[in-house]
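Novice: Take this structure first; my questions come after.
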């Protein structure tokens, strides 16, 4: 089990990581999610032993390995550009780490064959890596990282250079392979969809700290604050003020809305209105307001309507039907669908 305790790291005189702590359980697939510059790749390099922290510790099964050289940690690392050796064929690329371990030839042949079978590229052993597609190169890089049987696998945005469809296919393939191999893994990404589709648990880094840890469904249902809801693209975030004496009702620029959930303990408040929860021209009077259609975009299964409220607030909702620009709609939300969140960015 990996344990990260109070890791601190500065960059150009400013704190990049500020006391970050977390664990990765055996066979667990964790996504380290954050915006560019949040320190997620730096955290990965510290765990790998490629950078030193200013403070804190990295432990494996309770043993402090903070000062242990990278090549002695037994961890595997896979980069975005794959870092394959262009002058070596597929077999030689996968066998590279095994040669470094001093494995006998017969065992090395067996390991490479097993790795090729794992990535479903058995006939490709003698193929030049320069002749492979981007997806095939990604599979070879994964096989090379897993062949030495690392105690922990770390992947730094390995799908960033691929097109959307290939990424979707390879995310499913990655998840299958990693779970079959039962290797604990840390997957660094800034892409919410990748993290949600791949990981058992998400760790969100923001402003140098671990903002929230939880399963994809936990982060989707109960984001820690308004910043995270916006980063994850969960829906409309509307500034709201509590009404004195009425703990579940909030004043917005386009009317009073009632939420079933409790208000945040302190600070400014934003209401999360998810596009898929909006009701259009329903008989419901509670939490209703009027808005005008400004645009409609077809998304394959429904339309994403962009609305303008009477106060000029822009909202997006999902609809099975398209409405012309300028059409006035009555929108309503059930109190259970509204989530009040702390607006930490505007405290």
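The values are calculated or read from the model by the stated rules, or taken from the named source; none is laboratory data. On a predicted model such as this, the values are computed, not experimentally measured, just so you know. Heads up, the Cβs are rebuilt from the backbone with ideal geometry, glycines too, and the neighbour counts pull from every protein chain shown.
Novice: Restricting to segment 300-342, give me the number of residues that are surrounded by 18 or more Cβ atoms within 10 Å (Cβ to Cβ) and touching a helix residue (DSSP H, G or I) at 6+ places or on another chain (Cβ under 7 Å).
Specialist: 5
Novice: Which one of 268, 239 is modelled with pLDDT of 95 or more and in contact with a helix residue (DSSP H, G or I) (Cβ under 9 Å, 6 or more places away or on another chain)? Full working, then the answer.
Specialist: Working: 268 fails: modelled with pLDDT of 95 or more.
Exactly one of 268, 239 is modelled with pLDDT of 95 or more and in contact with a helix residue (DSSP H, G or I) (Cβ under 9 Å, 6 or more places away or on another chain), namely 239.
Novice: Against the condition free of Cβ contacts under 8 Å to residues at least 12 places away in the same chain and more than 33 Å from the chain's Cα centre (by Cα), how does residue 245 come out, does it pass?
Specialist: Against the criterion (free of Cβ contacts under 8 Å to residues at least 12 places away in the same chain and more than 33 Å from the chain's Cα centre (by Cα)), residue 245 qualifies.
Novice: Another question, if that's okay. Tell me whether segment 238-248 contains one or more residues that are in a loop (DSSP other than H, G, I, E, B), buried (at least 16 other Cβ atoms within 10 Å of the Cβ) and assigned by TED's automatic domain parsing to the domain that holds residue 307.
Specialist: no
Novice: Considering only residues that are surrounded by 17 or more Cβ atoms within 10 Å (Cβ to Cβ) and touching a helix residue (DSSP H, G or I) at 6+ places or on another chain (Cβ under 8 Å), which ones fall in segment 171-180?
Specialist: Once the filter is applied, which keeps residues that are surrounded by 17 or more Cβ atoms within 10 Å (Cβ to Cβ) and touching a helix residue (DSSP H, G or I) at 6+ places or on another chain (Cβ under 8 Å), segment 171-180 yields 171, 174, 175, 177.
Novice: Which numbered condition trips up residue 297, out of (1) in a strand (DSSP E or B); (2) touching a helix residue (DSSP H, G or I) at 6+ places or on another chain (Cβ under 8 Å); (3) exposed (fewer than 12 other Cβ atoms within 10 Å of the Cβ)?
Specialist: Answer for residue 297: the failing condition is (2).
Novice: Kindly evaluate residue 155 against the criterion of being assigned to a loop (DSSP other than H, G, I, E, B) and surrounded by 14 or more Cβ atoms within 10 Å (Cβ to Cβ).
Specialist: no
Novice: Looking only at segment 113-134, how many residues end up being part of a helix (DSSP H, G or I) and either more than 20 Å from residue 151 (Cβ to Cβ) or outside the structural domain of residue 178 (by TED's automatic domain parsing) (or both)?
Specialist: Qualifying residue count, segment 113-134: 10.
Novice: Can you tell me which residues in segment 227-237 are in contact with a strand residue (DSSP E or B) (Cβ under 7 Å, 6 or more places away or on another chain) and either in a strand (DSSP E or B) or exposed (fewer than 14 other Cβ atoms within 10 Å of the Cβ) (or both)? Steps first, please.
Specialist: Taking segment 227-237 as the starting set, the residues that turn out to be in contact with a strand residue (DSSP E or B) (Cβ under 7 Å, 6 or more places away or on another chain) are 227-230, 234-237.
Residues satisfying the conditions are 236, 237.
Novice: For segment 89-108, state whether one or more residues are outside any helix (DSSP H, G or I), out of contact with any helix residue (DSSP H, G or I) (no Cβ under 6 Å at 6 or more places or on another chain) and closer than 14 Å to residue 173 by Cβ.
Specialist: No, segment 89-108 contains no residue that is outside any helix (DSSP H, G or I), out of contact with any helix residue (DSSP H, G or I) (no Cβ under 6 Å at 6 or more places or on another chain) and closer than 14 Å to residue 173 by Cβ.
Novice: Can you tell me which of (1) over 30 Å from residue 209 (Cα atoms); (2) in contact (Cβ under 8 Å) with a residue 60 or more places away in the chain is the one residue 338 doesn't meet?
Specialist: (1)
Novice: Right, here's the next one. Which members of segment 182-192 meet the condition of being part of a helix (DSSP H, G or I) and surrounded by fewer than 17 Cβ atoms within 10 Å (Cβ to Cβ)?
Specialist: none
Novice: Looking for something touching a helix residue (DSSP H, G or I) at 6+ places or on another chain (Cβ under 9 Å), crowded, with 16+ Cβ neighbours inside 10 Å and touching a residue at least 40 places away in the same chain (Cβ under 8 Å) - is there at least one such residue anywhere in segment 282-292?
Specialist: yes
Novice: Does residue 41 satisfy the criteria of being in contact (Cβ under 8 Å) with a residue 24 or more places away in the chain, out of contact with any strand residue (DSSP E or B) (no Cβ under 9 Å at 6 or more places or on another chain) and farther than 18 Å from residue 200 by Cα?
Specialist: Working: in contact (Cβ under 8 Å) with a residue 24 or more places away in the chain: yes; out of contact with any strand residue (DSSP E or B) (no Cβ under 9 Å at 6 or more places or on another chain): no; farther than 18 Å from residue 200 by Cα: yes.
The answer is no for residue 41.
Novice: If I go through segment 193-226 residue by residue, how many of them are closer than 20 Å to residue 154 by Cα and in a helix (DSSP H, G or I)?
Specialist: Here the count works out to 7.
Novice: Go through the residues of segment 183-192 one by one and say whether even a single one is under 30 Å from residue 61 (Cβ atoms) and either over 15 Å from the mean Cα position of the chain (by Cα) or at pLDDT below 90 (or both).
Specialist: Checked segment 183-192: at least one residue is under 30 Å from residue 61 (Cβ atoms) and either over 15 Å from the mean Cα position of the chain (by Cα) or at pLDDT below 90 (or both).
Novice: For segment 6-36, give me each residue that is under 18 Å from the mean Cα position of the chain (by Cα), surrounded by fewer than 21 Cβ atoms within 10 Å (Cβ to Cβ) and more than 16 Å from residue 182 (Cα to Cα).
Specialist: Listed by number, the residues that qualify are 21, 22, 23, 35, 36.
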